[in-house]
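Enquirer: Please find one structure pasted underneath; my questions will follow.
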Amino acid sequence: LERTFSIIKPDATRRNLTGKINAKFEEAGLRIIAQKRIHLTKAQAGEFYKVHASRPFYDELCEFMASAPIVAQVLEGEGAILKNREVMGATNPADAAPGTIRAEFAESVGENSVHGSDAPDTAKEEIAYFFSGLELVG
Ligand code: GTP
Ligand code: MG
């Protein structure tokens, strides 16, 4: 089974949407095999999103990710990386398909409720950044 890394972002934890978002994952056959609530510093958010360092929204993104707690998760299932991207919906909620997390809950292209790894190599790297092997309970 494949594993992917997920974050429930500050806009969603602020509105108590963790349970509703987790229900979407579980309904799609994604098992939450690790989960923790943490409050990133801006520097930690910057390290996590460093691939976007040259983008114009980078500073705003790091401020946002450090603005309230997040829920970091590992999701496991068949084709988990792609399946999670489907359940999340498009980056911009205006373009997200009906029923997706971003269509239902996201507030804007920046404050879009969830992060999900985009490929096997980034999934591996992101899981290892937040979790030790002992914390992954499949
Ligand atoms: P992630 O799963 O969070 O990586 O989202 P994504 O893969 O759908 O989008 P991408 O990797 O292109 O961008 C990463 C994150 O940067 C997005 O999820 C948004 O939170 C933020 N972001 C992307 N584009 C914009 C933008 O135009 N403005 C702002 N403020 N934030 C943006
Ligand atoms: Mg991305």
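Enquirer: Identify all residues within the range 120-138 that are acidic (Asp, Glu) and without any contact (Cβ under 8 Å) to a residue 24 or more places away in the chain; write none if there are none.
Expert: Within the range 120-138, the first condition is being acidic (Asp, Glu), and the residues that meet it are 121, 125-126, 135.
Answer for the range 120-138, where residues must be acidic (Asp, Glu) and without any contact (Cβ under 8 Å) to a residue 24 or more places away in the chain: Asp121, Glu125.
Enquirer: On the basis of being surrounded by fewer than 20 Cβ atoms within 10 Å (Cβ to Cβ) and in a helix (DSSP H, G or I), does Lys36 make the cut?
Expert: No, not satisfied.
Enquirer: Which residue is farthest from Ala66 (Cα to Cα), if the candidates are limited to the range 112-122 and must be near ligand 1 (Cβ under 7 Å from one of its atoms) and part of a loop (DSSP other than H, G, I, E, B)?
Expert: Asp118
Enquirer: Something else about it: Pick out the one residue from Ala45, Ala128 that is among the small types (Gly, Ala, Ser), open to solvent by less than 10 Å² (accessible area, probe 1.4 Å) and in a helix (DSSP H, G or I). First the steps, then the outcome.
Expert: Working: Ala128 fails: open to solvent by less than 10 Å² (accessible area, probe 1.4 Å).
After applying the criteria, what remains is Ala45.
Enquirer: Another question about this same structure. Going residue by residue through the range 30-53, is there one that turns out to be touching a residue at least 24 places away in the same chain (Cβ under 8 Å) and over 20 Å from Phe130 (Cα atoms)?
Expert: Checked the range 30-53: no residue is touching a residue at least 24 places away in the same chain (Cβ under 8 Å) and over 20 Å from Phe130 (Cα atoms).
Enquirer: Same structure again: Among the residues of the range 55-107, which ones are open to solvent by 20 Å² or more (accessible area, probe 1.4 Å), in a loop (DSSP other than H, G, I, E, B) and free of Cβ contacts under 8 Å to residues at least 24 places away in the same chain?
Expert: Arg55, Pro56, Ala90, Thr91, Asn92, Ala97, Pro98, Gly99
Enquirer: Here's a follow-up. Residue under question is Arg15, and the condition is that it be over 14 Å from the mean Cα position of the chain (by Cα), open to solvent by 10 Å² or more (accessible area, probe 1.4 Å) and not hydroxyl-bearing (Ser, Thr, Tyr); does it hold?
Expert: When the stated conditions are applied, Arg15 passes them.
The values are calculated or read from the model by the stated rules, or taken from the named source; none is laboratory data. Everything quoted here is computed from the prediction, not taken from an experiment. Please note: Cβ atoms are built from the backbone with ideal geometry, for glycine as well, and neighbour counts cover all protein chains shown. For accessibility, only protein heavy atoms count, side chains too; no ligands or nucleic acids. Shrake-Rupley method; radii C 1.70, N 1.55, O 1.52, S 1.80 Å.
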